[in-house]
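This report concerns only the one structure given below.
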Amino acid sequence: MVQVQPPRRKTNTTYCPFSSSSSRRTLSPPPTTRGKHTRKGINIFLFLCLNYAVIKLNLDYVFVEDENVGMVIQEDVPLQQQPLQTKSKNQQKTQMTMEEYKPFQTFISNTKSEFSVRYGGEESASAILSKGISSFSKEEAGIEKTAVRILRAAASKKKEFVLSFGGYSVTVGRGNHFEQSFPFVIKKILSEPLKQIGVNIVVRNAAIGGIPSFPYGWCLRNFLGEESDLISWDYGMNEGNSAEAFEAYVRHAMLMPHQPMVMMLDDKRARKNVLEKYAQDGFLVDPIAVGKGEVVKDLLGKYEEEKDRPPGLKEWDVWGAPKGSPGQSNWHPKKMEHELIGWMVAMHLLKSVEKAGEIMMNDTNWMTTYGSKDEIITKGNAHPADLPKPLTSFNSQSSATSIMHGMPLPSKEDVWTMNHVSCRTSFLPVLSGKMDSIIVSGLVSSTAEDDIMNPRGDDVYKSGWVVDVGQVERDTKKKVAKFGGLGYIDMKTALYGIPESGTLRFWLPYEGQAHDHMHHDAHEYDADHWFDSLVVCEVNEKRTSDECKVESDMTFAIGGVVSPSVTKMQDEASYLGKKICVSVKLPPGISVTKRKDVVPSEGVTLTPHAEAMLRDETGVHEEDDVGLLLDVTVTGAGVTRAKGACSISHIVWEQH
């Protein structure tokens, strides 16, 4: 657990916004006079800076750090440990003025009024919100904790409140324009009130049609970003009624740097029970479950004619995209249902925006209280965190069970922890951790640059592994292109290979908690002192019954030794009954490989990224950083491109 630390005492350094409208500058005399200035010159310079600060204070929120402040709340401290207000010494006053607060409050009131008008009046709108949002914390406590998130954003350098949405095609907005999906409805509603308290809302819709919560859940930082303040998943059509995968998703989210608010677009009781229990025990402070169109089903039935419906329920059966656009199926929400979901979530969050404004108005020291380092936990700072004993369990024979829920501490059965999990993926959209960053050799590099809509023939497959998409994915994207693309950014690209493609080599860097492994003497480079488990996933697509079988048609060699066991993961990663991930057991006695010792597989050349990495041009890894060498080869004689080539879309590894 990261401890709250007092700030370092600064020496001979003050900050002044003079001559800069957006950043702080070190207060020092002009370069031409430095070292031989007079007291009079210093006084003039200070006078200008201080007057600028006073003027600026009336226009904006300015925070000048004080050397004598007491304890500050740091960004990576668990949210549940952060009080709404703390005392400190000699803090800079940064509260909102009444002139600033009045228009903010007016905008809040107008937004509430608009919601009421849209959905049939105050009583009707309140009933919709009550039915559509399940909050599992005591209402006021949950609102305050989300307000803390907003205040931390306001006090950070970027001043960004980041909402990141994962999920299926429902969240993507299929059948409508991408920009009409509910995440962007939320952004449209909250942008102005957040702007008025100095916060920029950032919304990321990183949902991908047809991908289950795992392997996505192992790759939250890749898809949603390190700095997410809210993350979500939707279970609108898939994954049944069970809660095992969702609980694992929540546990991985809890280890993200900002310990984000968890939102679930679903109303299944088993999954809601997970949020409720975690909230009751204090592990989640402000989770919510959100309903969809069923929330207004009875209200829609009250109106016989379209013209009598309130604005938010008119044109309920109209798609946002042109008629005939892909995805206009009865299981996808239409435009006004996305508007409803967006409004419900926005109105719930608006309570916290209002609370944050109240604190800014009444607490002169709010910025110091909620000020943060504005740093992201990166390689070397990842650390295990205490987790509760899971409520659910997987019926699995794989060697990678700890990569889902974690494992109990040896001394405490009810206290669990989770090792650091790294992911690389070829799916889009992705913010970091792209698959090509770990490929050493064996890839036909030109296929990564060619238009993905162009089919790759057998001749290309026979010259190496290729970047490609399945036929269903390509056909779907071509249909969407006829309607201008509709703004969609998701794409299930993957690495494809057949026996003639040869060996695809990866180097999986150790990215776990920084600590000394050198106490093992002669065994310091044994892989099992660094790595725990390895998972490889294929594309979830419908193909022929003769398609590649990952567990039997592919061979995985780790550290030069063939894995003794490749096992299908059963309940952990499944899409419409298809098991898409395998657990690859680490062979005993293998060693890790230093970055400087990485070489391509025999007879092939390094990929451009691998060449840059070994020349230390990427700036990501030191030459003595260690990792696993993974060689993948298609050995099933009957595998062909036409029947269904072998594919790799995610590689996930667990480290301690």
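The values are calculated or read from the model by the stated rules, or taken from the named source; none is laboratory data. All figures in this text were calculated on a predicted structure; none of them were measured in a lab. Here the Cβ is made from the backbone with ideal geometry for all residues, glycine too, and neighbour counts use every protein chain on show.
Of the residues that make up region 598-606, is at least one modelled with pLDDT of 95 or more, within 22 Å of residue 550 (Cα to Cα) and not hydrophobic (A, V, I, L, M, F, W, C)? The answer is no; no qualifying residue exists. Checked against (1) crowded, with 18+ Cβ neighbours inside 10 Å; (2) part of a helix (DSSP H, G or I), residue 258 meets all criteria but (2). Going through (1) crowded, with 24+ Cβ neighbours inside 10 Å; (2) outside any loop (DSSP other than H, G, I, E, B) one by one, residue 228 falls short only on (2).
Here is a yes/no grid of residues against (1) within 23 Å of residue 434 (Cα to Cα); (2) in contact (Cβ under 8 Å) with a residue 60 or more places away in the chain; (3) in contact with a Cys (Cβ under 6 Å, 6 or more places away or on another chain):
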| site | (1), (2), (3) |
| --- | --- |
| 464 | yes, yes, no |
| 467 | yes, no, no |
| 484 | no, no, no |
| 495 | yes, yes, no |
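Scanning region 195-237 for residues being closer than 13 Å to residue 429 by Cα, among the hydrophobic types (A, V, I, L, M, F, W, C) and at pLDDT 95 or above gives a total of 7.
For residue 315, the stated conditions do not hold, so it cannot be described as at pLDDT 95 or above, assigned by TED's automatic domain parsing to the domain that holds residue 145, buried (at least 17 other Cβ atoms within 10 Å of the Cβ) and not hydrophobic (A, V, I, L, M, F, W, C).
Of 599, 604, 592, 566, all but one fail to be in contact with a His (Cβ under 9 Å, 6 or more places away or on another chain), over 20 Å from residue 252 (Cβ atoms) and of a type in the set (Val, Ile, Thr); the exception is 592. Of the residues making up region 231-255, those that are within 22 Å of residue 341 (Cα to Cα) and not in a helix (DSSP H, G or I) are 231, 232, 233, 234, 235, 236, 237, 238, 239, 240, 241.
Within region 194-211, how many residues are assigned to a strand (DSSP E or B) and polar (S, T, N, Q)?
Total meeting the criteria: 2.
So residue 585 passes all but one of these: (1) among the basic types (Lys, Arg); (2) closer than 17 Å to residue 403 by Cβ; (3) surrounded by 20 or more Cβ atoms within 10 Å (Cβ to Cβ). Which condition number does it fail? Of (1) among the basic types (Lys, Arg); (2) closer than 17 Å to residue 403 by Cβ; (3) surrounded by 20 or more Cβ atoms within 10 Å (Cβ to Cβ), only one is false for residue 585: (3).
Kindly evaluate residue 241 against the criterion of being over 22 Å from residue 577 (Cα atoms), surrounded by fewer than 24 Cβ atoms within 10 Å (Cβ to Cβ), polar (S, T, N, Q) and touching a Lys or Arg at 6+ places or on another chain (Cβ under 8 Å).
Details: over 22 Å from residue 577 (Cα atoms): no; surrounded by fewer than 24 Cβ atoms within 10 Å (Cβ to Cβ): yes; polar (S, T, N, Q): yes; touching a Lys or Arg at 6+ places or on another chain (Cβ under 8 Å): yes.
It is false that residue 241 is over 22 Å from residue 577 (Cα atoms), surrounded by fewer than 24 Cβ atoms within 10 Å (Cβ to Cβ), polar (S, T, N, Q) and touching a Lys or Arg at 6+ places or on another chain (Cβ under 8 Å).
Looking only at region 148-180, count how many residues are under 18 Å from the mean Cα position of the chain (by Cα), part of a loop (DSSP other than H, G, I, E, B) and of a type in the set (Gly, Ala, Ser). The number of residues fulfilling the criteria is 2.
Which residues, counting only those in region 543-569, are part of a loop (DSSP other than H, G, I, E, B) and surrounded by 15 or more Cβ atoms within 10 Å (Cβ to Cβ)?
Start the filter on region 543-569 by keeping residues that are part of a loop (DSSP other than H, G, I, E, B), which leaves 543-549, 559-560, 563-565, 569.
Once the filter is applied, which keeps residues that are part of a loop (DSSP other than H, G, I, E, B) and surrounded by 15 or more Cβ atoms within 10 Å (Cβ to Cβ), region 543-569 yields 543, 547, 548, 549, 559, 563, 565, 569.
Report yes if residue 639 is modelled with pLDDT of 95 or more and assigned to a loop (DSSP other than H, G, I, E, B), otherwise no. For residue 639, the condition - modelled with pLDDT of 95 or more and assigned to a loop (DSSP other than H, G, I, E, B) - is met.
Of all the residues that make up region 534-557, how many are small (Gly, Ala, Ser) and at pLDDT below 95?
Kept after step one, since they are small (Gly, Ala, Ser), are these residues of region 534-557: 545, 552, 557.
Narrowing further to those that are at pLDDT below 95: 545.
The number of residues fulfilling the criteria is 1.
Residues considered: 137, 126, 130. Of these, the only one that is among the small types (Gly, Ala, Ser), out of contact with any strand residue (DSSP E or B) (no Cβ under 7 Å at 6 or more places or on another chain) and part of a loop (DSSP other than H, G, I, E, B) is 137.
Listed conditions (1) within 30 Å of residue 463 (Cβ to Cβ); (2) of a type in the set (S, T, N, Q); (3) under 31 Å from the mean Cα position of the chain (by Cα) are all met by residue 605, apart from (3). Selection within region 262-305: residues that are small (Gly, Ala, Ser) and outside any helix (DSSP H, G or I). The member of this set that is farthest from residue 416 (Cα to Cα) is 291.
Yes/no per residue for (1) touching a residue at least 12 places away in the same chain (Cβ under 8 Å); (2) farther than 25 Å from residue 530 by Cβ; (3) of a type in the set (Val, Ile, Thr):
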| position | (1), (2), (3) |
| --- | --- |
| 595 | yes, no, no |
| 607 | yes, no, yes |
| 637 | yes, yes, no |
| 640 | yes, yes, yes |
| 645 | yes, yes, no |
| 648 | yes, no, yes |
| 653 | yes, no, no |
| 656 | yes, no, no |
